[in-house]
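Chemist: Okay, here's the structure, questions in a sec.
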Amino acid sequence: MLVSGELGAGKTTFVRGACRALGVRAPVTSPTFTIARRYEGSVPVSHLDLYRLGDLAEEDPALLADELGEDRVAFVEWPEVGAPAGLDPGRVVARVSLEHRGGDRRLVRVEP
């Protein structure tokens with residue numbers, strides 16, 4: 001699932017809720033500085049944040065390959081940085097965009 005929105009729009013909060021629905025009980029935090037985090041739930045979950053990478057064309061293709069395996073659900077924040085190597089566009093089940101609407105209100109769009 002690709003999750004986009006401006007800084008502070010609620011991307012990690014959205015992923016946290018999805019992880020809870022997938023049975024993850026561990027604290028779900030932003031992987032901004034670690035790039036990726038793994039969680040165990042009813043299925044394995046990877047949470048990636050590409051914000052700090054800038055451009056994936058300059059990165060080692062194997063960097064994120066393990067996080068995008070067919071054996072897991074992956075949430076990718078900041079997908080506009082570039083599609084990670086190993087991300088089959090046919091496997092993207094949804095694109096989520098979050099937008100500030102003032103205060104604690106957000107507009108959430110989910111597209112196939």
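Chemist: Scan region 6-34 residue by residue and report those that are at pLDDT below 95 and under 12 Å from Val45 (Cβ atoms).
Modeler: Residue satisfying the conditions is Pro31 alone.
Chemist: Output the residue which, of all residues in region 40-51 that are modelled with pLDDT of 95 or more and surrounded by 21 or more Cβ atoms within 10 Å (Cβ to Cβ), is farthest from Gly82 (Cα to Cα).
Modeler: Val45
The values are calculated or read from the model by the stated rules, or taken from the named source; none is laboratory data. Predicted model, so just to flag it, every value in this text is computed and none were measured. Here Cβ is always computed from backbone atoms with ideal geometry, including for glycine, and neighbour counts include all displayed protein chains.
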